[in-house]
1. If you go through region 153-164 one residue at a time, do you hit one that is under 21 Å from residue 222 (Cβ atoms), among the acidic types (Asp, Glu), under 44 Å from the mean Cα position of the chain (by Cα) and at pLDDT 90 or above?
2. For region 126-152, which positions are under 32 Å from the mean Cα position of the chain (by Cα) and open to solvent by less than 90 Å² (accessible area, probe 1.4 Å)?
3. Can you name the condition, by its number, that residue 184 falls short on among (1) in contact with a helix residue (DSSP H, G or I) (Cβ under 8 Å, 6 or more places away or on another chain); (2) of a type outside the set (A, V, I, L, M, F, W, C); (3) modelled with pLDDT under 95; (4) under 25 Å from residue 136 (Cβ atoms)?
4. Filter region 53-76 down to residues that are of a type outside the set (D, E, K, R) and open to solvent by 100 Å² or more (accessible area, probe 1.4 Å), then give me how many there are.
5. Specify which of the listed residues (196, 203, 189) is open to solvent by 10 Å² or more (accessible area, probe 1.4 Å), on the phi > 0 side of the Ramachandran plot, among the basic types (Lys, Arg) and modelled with pLDDT under 95.
6. Would you confirm, using the coordinates I've provided, whether residue 216 is closer than 19 Å to residue 139 by Cβ, free of Cβ contacts under 8 Å to residues at least 60 places away in the same chain and buried (at least 17 other Cβ atoms within 10 Å of the Cβ)?
Amino acid sequence: MIEVRERMARRSSRSREAAHAGRYQTLAGPDPFAALRESLRVQAAEQQAQRQAERAKGQTEAQAREARRFEREMRDVTPLRIPTRAVPQATRPAPLPRQRQLDERAVLEASLSDEIDIERYLETDDALSYHRDGVGPDVPRRLRRGEWTVRAQLDLHGMRVDEARSALAEFLATARQREQRCLRIIHGKGLGSANKEPVLKGKVMRWLIQRADVLAFCQARPNDGGSGALVVLISLD
C-alpha cells in the first residue's frame, strides 16, 4: 500500500512539473502583438511628418500671400527722394598770433617805467581814481559804483616786480582778446612786506597810466578788495 502511494505521489509531482514547464514555454515564446505595435509606431511617425509638412506649406503660402498683398498696396506709391545731406564742417578757430603777442608784450613791458610821476594824473579823491584824456570825469565814479561788471581778475600777491609787470601785460592782452572791458587787479595792501607798505600798488598804477588801452581805474569798493585792489576799464578798439 505504501509503495502504491509513493508511485502515485511521484506521478502527481511529474505532472505538476510538466504543466509548469509548459506554462513557462508559453510565456517566453514570440509576442503576438509586436508586429501590431511596430505598425502603429510607423503610422504615427508618418502622420506627424505629414502634419509638419502641411504646417510648413501653410506658413510659406501665408508669407507669399502677404508679399503679394504688400506689392498690390505699394503699387501706386512714389518713393521719396532722399535729399543729399550736407555734412557740417567744424569751424576751426583762428590761429592765435602767439609770437606777435609775445613781441607786443615784450615791448609793453620794456615801455612801462617805474619812475613816472603819477601824482599829476590821479584825482585828489579817496578812490585814487584816474581817467585818460578824452574820457569823462564821471567814468571813474561810475566804475566805482559798479556800473560795469567785473569780467576777469588778476591777483599779484607774492609776485616780484618783474613777474607782476609781465603778468599784468599778459592779463590785459588776454582781456582785450576776450572782449572783457572791466577788470579787477589785486595788488595787495602790503601787510606782508617788511615795512608794511604796499610795494606793488604804486607800480601797478604807474604801469596802467602808461597803457593806451586803459581808459580809467579807481580803488575798489571795500567789499571788492578796498585799498588792496583796483577796478580797471579798458578799451577794446
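1. yes
2. 149, 150, 152
3. With (1) in contact with a helix residue (DSSP H, G or I) (Cβ under 8 Å, 6 or more places away or on another chain); (2) of a type outside the set (A, V, I, L, M, F, W, C); (3) modelled with pLDDT under 95; (4) under 25 Å from residue 136 (Cβ atoms) applied to residue 184, the lone miss is (3).
4. 3
5. Residue meeting the stated conditions: 196.
6. no
The values are calculated or read from the model by the stated rules, or taken from the named source; none is laboratory data. None of the values given here were measured: they were computed from a predicted structure. Every residue, glycine among them, receives a Cβ derived from its backbone with ideal geometry; neighbour counts consider all protein chains shown. Remember, those area values only see protein heavy atoms, side chains included, never the ligands or the DNA or RNA. Shrake-Rupley method; radii C 1.70, N 1.55, O 1.52, S 1.80 Å.
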